[in-house]
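Take a look at the structure set out below.
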Amino acid sequence: MGHDALYKEIILEHHKDPRNHGLLESATASITKHNPLCGDNVTVQIKLSPDNKTVDDIMFSGSGCSISVASASILTDDVKGQSVEKTLKLIEQFRGVMQGNEKPEVLEGDVEALTGVRQFPVRIKCALLAWTALKELIENQNKEKSA
Ligand code: ZN
C-alpha cells in the first residue's frame, strides 16, 4: 500500500471506530481544547499513576472532523499504559514532524501514517489538537505537583 493510501485508510478506520472514546470516570485531570479554524472540540481525560509517572488510563470526547477524531484515537491508543516521559517525547516528535523539523521516520505505525496530513497544511491544527491538549494537561499536573 502506498503511503497516501495507508494514510487515508488509517484516518477512516480510526474515525469509524475511535479507540478510548468516551468519558473516563476515574480521571485525575481533564482539559478541553478548541480549534476555531475547523470547529473541532476535544476533551482529553487522564488518570495518572499516584507517582505521576505513568498514564494509567486516557480517554477523549468531543466533536470534530475525521482528522481530529482519528488523531485523538491514535494518540490515546499509543500512550495508554505508557510512561509520562515517553508520552511527552512522542508528543514532541509528532509536533516536530508536523512542523517540518523532524522526519516522519522517527515515528512508527499509525502515528507515522498520520503525519501524511502534512500534505494538507490547513488540517495540521486538526491533527495536533489532542496532542497539544495532552501536553498541556501533563504540564499542568507537573506544576501542581511541584507547587
Ligand atoms: Zn478539523
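The values are calculated or read from the model by the stated rules, or taken from the named source; none is laboratory data. Model, not experiment: these values are computed from the prediction. Note: ideal-geometry Cβ built from the backbone for every residue, glycine included; neighbour counts use all protein chains shown. We work out accessible area using only protein heavy atoms, side chains counted, and drop any ligands, DNA or RNA first. Shrake-Rupley method; radii C 1.70, N 1.55, O 1.52, S 1.80 Å.
The C-beta contact set for the stretch 61-81 (first residue over 21 Å from Leu6 (Cα atoms), second residue more than 11 Å from the ligand (Cβ to nearest atom) and basic (Lys, Arg), distance under 9 angstrom, 6+ apart or interchain) comprises Gly62/Lys33; Val79/Lys86; Lys80/Arg19. Scan the stretch 1-45 for residues that are out of contact with any Leu (no Cβ under 6 Å at 6 or more places or on another chain), hydrophobic (A, V, I, L, M, F, W, C) and in contact (Cβ under 8 Å) with a residue 24 or more places away in the chain and jot them down. Answer for the stretch 1-45, where residues must be out of contact with any Leu (no Cβ under 6 Å at 6 or more places or on another chain), hydrophobic (A, V, I, L, M, F, W, C) and in contact (Cβ under 8 Å) with a residue 24 or more places away in the chain: Leu6, Ile10, Ile11, Leu12, Leu23, Leu24, Ala27, Leu37, Cys38.
Among the numbered conditions (1) under 20 Å from Leu107 (Cα atoms); (2) modelled with pLDDT of 95 or more; (3) more than 14 Å from the chain's Cα centre (by Cα), the only one that Ala70 does not meet is (3). Of all the listed residues (Ser49, Ser68), the sole one being touching an Asp or Glu at 6+ places or on another chain (Cβ under 6 Å), open to solvent by less than 50 Å² (accessible area, probe 1.4 Å) and more than 15 Å from the ligand (Cβ to nearest atom) is Ser49. Just so you know, in the stretch 14-46 the residues that are away from the ligand (no atom under 16 Å from the Cβ) and surrounded by fewer than 14 Cβ atoms within 10 Å (Cβ to Cβ) include one that is nearest to Pro121 (Cα to Cα), and it is Lys16.
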